[in-house]
Structure formats: C-alpha cells, structure tokens
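Report on the following structure.
The values are calculated or read from the model by the stated rules, or taken from the named source; none is laboratory data. Since we're looking at a predicted model, the values are computed, not measured. Note that each Cβ is placed from the backbone with ideal geometry, even for glycine, and that neighbours are counted across all protein chains shown. Please note that ligands, DNA and RNA were not included when accessible areas were found on the heavy atoms of the full protein model with its side chains. Shrake-Rupley method; radii C 1.70, N 1.55, O 1.52, S 1.80 Å.
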2 protein chains.
Amino acid sequence: MEVENKYVTLKKHIEGAPLESDLEMRSTVLVLTVGEGSDDVIVKNMYVSIDPYQINRMKKYSPSQTAVNFSTRLDVGQAIDAYGIGMVVASNNSAFQKDDMVAGLLGWAEYSIIKGGNMLWKIDSKEFPLSYHGGILGFSGLTAYAGFFNVCKPKKGEKVFVSAASGSVGNVVGQYAKLLGCYVIGCAGTKEKVDLLKDKLGFDDAFNYKEESDLKSTLKRYFPEGIDIYFDNVGAEMQEAAVANMNAFGRVAVCGVISEYLSTNEKRAAPDMLLVVYKRITIQGFLAGDYMDEFANFISTTSDHLRHNRIHVVEDISQGLESIPSAFAGLFRGDNVGKKLVQITQD
Amino acid sequence: MEVENKYVTLKKHIEGAPLESDLEMRSTVLVLTVGEGSDDVIVKNMYVSIDPYQINRMKKYSPSQTAVNFSTRLDVGQAIDAYGIGMVVASNNSAFQKDDMVAGLLGWAEYSIIKGGNMLWKIDSKEFPLSYHGGILGFSGLTAYAGFFNVCKPKKGEKVFVSAASGSVGNVVGQYAKLLGCYVIGCAGTKEKVDLLKDKLGFDDAFNYKEESDLKSTLKRYFPEGIDIYFDNVGAEMQEAAVANMNAFGRVAVCGVISEYLSTNEKRAAPDMLLVVYKRITIQGFLAGDYMDEFANFISTTSDHLRHNRIHVVEDISQGLESIPSAFAGLFRGDNVGKKLVQITQD
C-alpha cells in the first residue's frame, strides 16, 4: 500500500525569530510495508510535540552540533524528527506489532519510519488520554521530573522560582515543587498565564515579567527570604536576577534559555560570578535524555499524581499537520499555554 | 607587658585596581595578657597570607556581604583579618598554651587577639617549614584540594585546564591533577611563570594568555580533544572560552574571578548558556571554608606528597608588615609567583 506522506521541513535556515514562512510542507510517496529482515517500524503519527529547542537546529550554525548526537543541525528540505505519539502501521521488529500505540522520536510528518525501532516505546496503558504521553507523561514531563528532582535536589520548604512557568516543562516543575512542600513562584508573559499559575496550578504566587522593569527588585519583592532553586527556561536577564537573589548553596537548573535562542552573539546579561562564588551557587545545564533510567520512576510517580488529581494537565493542541508552522512560530510569541502539541490525525 | 601593635588598614574604600596608597599603617597599644575567665588567645603573627579576595571586602559595596558571615566588608581604619601563622604569646584558653605555633584567621598586624580561639588551629608538626602552613598546607592548599577533588570530581585521564596556574591555588591544583593522571594545561601572565609550569611543576603544557588574541581558538589549539575540567581563578573571557571548548558533562569550579574583581558593573563576557545546556555543563562556585571536614584528609595526603617530593612548593615571601600594601597591590599586577606571604617577624 502506498500513501502520500506529507511532512514539514525547513525552507531556509532561520535567523532571529522564526516565521511561518521559514517552514514549508512537502510530500513523498511512502510504501507502508517493511522489507523482510528489516527491523524498521512505520508509524502513523497522531500527536507531535512542538518545542522551542527545535529553533537551535534550524540555524546555520547549531550549538547542539558539537555536543550531542541527537537534535543535530537540520538541512533545508530535511524531514524534522520530533517527539510524538502514533500507531504502528507496519513492523517486522519483534518489539512492535501493527496497531501498537507508541511514543518516541517520530517527526513533523504524517508518517515516520523509525530505523530499528530506535527511540520508540510502546504505550501499554490506556488509563490516560493519548495526548498526555506527548507531554506530562512524555519528554516534557521527564524534563520537569529529572530537572527538578535530580538536578535541583530540592528539599521540603525550599523557595523555588520557575520561569516560563506556564510552559510545557515549567508548569509541571511548579506542581512537583508544590507537592514536595516547597514555596513556589512562577513568572509568565500574560495575565491569563499568571492567573492560571495562581488559581489553577497552586503556585504560591506568580507575576507577569513583561510588566516588570527591574527584575532584580521584582525577585527581591517576591522572595524576601531569597531563592533556593531557580528552574531556568529563559536565561539572560532573568538568570542574572535570580542569581542576585539567591541564597547560599542555591541551585540553578538550566533547562532552556529561550530568551537567548533568538539573539545574535552580542554580550548578554549573565550571572555575577562573584556572587556565584560567595554564595556557592551551582549552575547546571541538563538534557532529559540523560535521565532515561529515571523514566519508570517518573511515569509511576506522575501517573499516581494524575490518578488522584494532584497534578493538572495543561495542554494546547492545534489540529492538522498544516498548523505546525504557526504552532512553532507561536512558541516564540508566547502564544501557547502549557504543552504545545499538534494533532495530526483523529484516527 | 605592653607593646605597640602595628597593623595595616584601609585608608579609603577601593575602586578599580588597589594602590599601595589605599592602605596605611596604624598602631595601638596592646597589653599582652588575657584576663581571667576569658578564652581569648593573643598571637604574635609570623606569616600572613596575601590573597586577591580581600579586594572584595575593600569596596564600598562588598559582594560577600549578603552571602557569608566571614570576609565581610571592611571599614576604613578597621584591622584586617587574614589567614596566617603565628605563636601564642598569651592564653587562658585550654586549647592553646603560650609558645604554641598556630594557624588560622589572624590579621595583617604584628599581633592578633583571637576571640575564643575561634578559627585557630595548633600546628603540631615541625616536619615542614612554618611558611608551608600558610600556603600549601593552609587555606590555599585546602582550596585547591577541595575545589579539585570535591567540586571538580576528576577522573584519571581527564583534560584539565587551570587559569592563574602559577598562583597560590592554581599551581597546587595542577600538581594534584598531574598526580591523579590527568592531562593538565595552565595559563599565566609571564614567560617566567609559563616556564615554571612546564619545566618545574610538570604541567603538560602552558601558555601566556597575554600573548593570545582569541582565547577560544587558543584553547581549541591546546585542547583538540576538549576540556573536561576547568578550574577557574579568573572568570569572564577565559571562562567563556573554556566553556566553548568543553566536552559533554564538563565541570567548571569557580574558585575566584580575579579579572572581574576590578571591573565595574558593565556587561562582561560570560559562558554561552546554550552550550551549558547542550553539553550539560556544571558551573559551581565554592569556598574552602565549607570543606573543613576534608582538612585532615587534605593535610595527610598533601604531607605525604611533600615528604616524597611529589609536589613542589612555590612561595613568594616579602619581608615585614610594611611590605603588605605593595604585596597586595602586586597581586593584581601579577607580580607574585606562587603563594604570596608576608613574613612579619623572624622570631
């Protein structure tokens, strides 16, 4: 059986903020069978994840290039791999059967061929909506879990600050922190998001950073007793201000630095290293992929929270492959509230 | 018995690089007896340590003020506490007897009164020259030991870069790293220092940073396989360049940032946080005082190295209390080679 496989690709390398016109739709003909002796798996994609880090692969020079063997630089016209949820339509791989629901590294496409079934996992449970496996029970959730528990090493009662706190990772970090008994404040870029953090997600407080002119003073106001943990999704000025307000032995988990993704190479705000020394602060970058041995713990803990309604799921789902360019560009305008997914098919 | 106690103090708060004229000598009359019921200890100072961090206490605003309860801001005219070696001249404290040799927080003075014998230790062994207890077997050595072993967590074979590598801490870090089996390169600011690192201290290589115009390229040349550990004594451009050349899971121990001590608040070079994320780099500030529980290990290990001539001691000793202002100002001109001490008395 042959299908037309539509996919999203890069029209040209991106400088600055991405425009919808930087991406385009293409298609190829795909035969939905896997040859004898191959352990490839063909997946019909249902939900795909839309994440800010993809911008770094779309630049002429990719900062990930020298450091990791995934998320590498994209060429114009190349299919774009991305985390997602789908259904197996063809497999000779003993680990996957036709009609299995799977999660893993799929792509911004209708179908993905997964070489050797690599970076692909079966979704065995139907307890939760499928989309959850693309966010709260997927890599965004793991990023929040490993970043908070393994990198930040939080203790009950500590003061936690989360930036981009209504985003896919930040909102989960804040909720984990509250469940542990931390004091948690988040920042976001609209009143709607700030209200969500305070009214629905249980943050102790939240503020709109766009309404603040001096972030150091802002954080001093919100944390009169200082910050113990800063979960950083934005970098630059906010990171500098957080370090300035940090307590001794404070920890900064650098998950992402979205405010720096779009900037060119000029000097930007950065933490005062004298304070890093005197306060014995640790600033640590991390990637969720290094914490796969925590995956089972993460799923078990988070599923239990979901089962008992202790965690709210905040999803922002657009419909159809064609909506990917606007969904992606929208990330950098702050359009999304919570986990941004695109649903490719209703099947 | 009464003596005139001469001491060095701040004439005015310092902006930018310290001048000898920023410091001045004063004196008070001191009675060399301790009252009944007091556990104070009076010490005749023999060697005092001259360290760059003191500059941060001499500014109008001290960055240490909010973070630590030692090394706090100095007032004009105030006696300046500093690590040193001396002899007990009077004590009612049961832990210290007259004529005991001691190390600890003394001062830039002929005599120091140590309240409660706080931050004071007896030197029991006469195996090594007394001055060693002010450097390699004192806080500089502990800083190198704890910073390298506890903060950097080195493994044999790792590639280690040390800045200010001929300084009091850097030269010891490099020697520990070589003894562990690491590949070690240092940088310094004169040909004499570079030669010392290569010819006497066993560094694999060394370079004069003043002769380099593009530190990123320089480090790429010296570390074609990347840096695993950067022991940072200088901050700013060098830190940025080291992070740019770091391998995945690299560690930066921030011991000091001397290049930033003299600058005002304008934006300075800083690590690229995108690289910190993708390479999962940890940047950690530390203070030796947090590792007092390592002191016994440190002394035992380092004494053993000294006993077997596996570590070279690099000292730079000036004579007389009056030489403190020029010794201190000289630190920021790179005058010292190795541990800078001032010998107050020959007794």
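Counting Cβ atoms of other protein chains within 10 Å of each Cβ in B:49-56 and taking the mean gives 1.
Carbon and sulfur together cover what percent of the accessible area of the stretch A:170-223 at a 1.4 Å probe radius? Of the solvent-accessible surface of the stretch A:170-223, carbon and sulfur hold 45 percent. Would the stretch B:163-247 count as rounded, prolate or oblate if I go by the C-alpha gyration tensor, calling it rounded below 1.5 in a/c and otherwise prolate when a/b exceeds b/c, oblate otherwise? The shape class here is oblate.
Structural descriptor for chain B: relative contact order 18 percent, calculated from alpha carbon pairs under 8 angstrom and at least 6 residues apart. Each Lys or Arg adds one and each Asp or Glu takes one away; over the other residues whose Cβ falls under 13 Å from the Cβ of B:GLY334, this sums to +2. Once the partner protein chains are put back, the stretch B:274-307 shows a loss of at least 40 square angstrom of accessible area, versus the chain by itself, at B:LEU274, B:VAL277, B:TYR278, B:ARG280, B:THR282, B:ILE283, B:GLY285, B:LEU287, B:ASP290 (probe 1.4 Å, ligands and nucleic acids excluded).
Using the Cα centre as the reference, give the magnitude of the dipole from point charges on the C-beta atoms of the protein assembly as shown (Lys, Arg: +1; Asp, Glu: -1; all else neutral), rounded to the nearest 20 debye.
Using Cβ point charges on Lys, Arg, Asp and Glu, the protein assembly as shown gives about 60 debye.
Judged by the ratio a/c of the largest to the smallest principal axis of the C-alpha gyration tensor, the stretch B:250-347 counts as oblate, that ratio being 1.5 or greater while a/b is no larger than b/c. Between copies, A:MET1 shows label-point distances of 10.2 nm, shortest first, with the point placed 7 angstrom from Cα along Cα to C-beta. Here the protein assembly as shown is treated as a Stokes sphere of Kirkwood radius computed over C-alpha pairs; at 37 °C and 0.692 mPa s its diffusion coefficient rounds to 118 µm²/s.
Normalised per residue, the accessible area of the protein assembly as shown is 41 Å², obtained with a 1.4 Å probe and no contribution from ligands, DNA or RNA. Spin-label model, A:ASP335 to A:LYS155: label points 7 Å out along the Cα-to-beta-carbon direction sit 4.5 nm apart. Each Lys and Arg adds +1 at its Cβ and each Asp and Glu adds -1 at its Cβ; summed about the Cα centre, the stretch B:297-347 shows a dipole of about 220 debye.
Here's how it looks for A:GLY320: its modeled amide H is under 5 Å from those of A:GLN343, A:ILE344, which are all 5 or more places away or on a different chain. The residues B:PHE149, A:PHE148, B:PHE128, sorted by heavy-atom accessible surface at 1.4 Å with ligands and nucleic acids left out, run B:PHE149, B:PHE128, A:PHE148 from largest to smallest. The mean sequence distance of close C-alpha pairs (under 8 Å, at least 6 residues apart), as a share of the length of the stretch A:164-253, puts its relative contact order at 23 percent.
When the alpha carbon coordinates of chain A are projected onto the principal axes, the ranges are 65, 45, 35 Å, largest first. When A and B come together, around 3200 square angstrom of accessible surface is lost from both chains combined, probe 1.4 Å.
Under the √(5λ) rule applied to the eigenvalues of the Cα gyration tensor, what semi-axes describe the equivalent ellipsoid of the stretch A:204-314? Give them in Å, descending.
The three semi-axes for the stretch A:204-314 are 28, 18, 16 Å.
Inter-copy label distances at A:LYS191, using a point 7 Å along Cα-to-Cβ, come to 7.0 nm with the shortest given first. Heavy-atom surface analysis with a 1.4 Å probe gives the stretch B:1-83 a carbon and sulfur content of 51 percent of its accessible area.
Sorted largest first, the spans of the alpha carbon positions of the stretch A:5-138 along the three principal axes are 42, 33, 28 Å.
Sorted shortest first, the distances from the A:GLY35 label point to those of the same residue in the other copies are 9.6 nm; each point sits 7 Å from Cα along Cα-to-Cβ. Near B:VAL34, once Lys and Arg are set to +1 and Asp and Glu to -1 for all other residues with Cβ below 13 Å from its Cβ, the sum equals -1. Of all chain B residues, the closest to the B-onto-A rotation axis by Cβ, with that distance in whole Å, is B:ALA270, 2.
Per Stokes-Einstein, at 25 °C and 0.890 mPa s, what whole-number D in µm² s⁻¹ belongs to the stretch A:104-193, with the Kirkwood radius over Cα pairs as the hydrodynamic radius? List each step's numbers first, then the result.
On the way: Rh = 14.9 Å.
Reported coefficient: 164 µm²/s.
Sorting A:8-17, A:52-61 by average packing, meaning the other beta carbons within 10 Å per residue, from highest down gives A:52-61, A:8-17. Relative contact order, whole percent, for the stretch B:1-61 stands at 38, derived from Cα pairs under 8 Å and 6 or more residues apart. The alpha carbons of the stretch A:142-206 give a radius of gyration and a Dmax of 10.7, 31 Å, in that order. For chain A, the dipole from Cβ point charges (+1 on Lys and Arg, -1 on Asp and Glu) about the Cα centre works out to 880 debye, to the nearest 20. Inter-part distance, the stretch B:222-241 to the stretch A:286-336, computed on C-alpha centroids, equals 35 Å.
Label separation (B:VAL31 vs A:ASP195): 7.3 nm, computed from points 7 Å beyond Cα along the C-beta direction.
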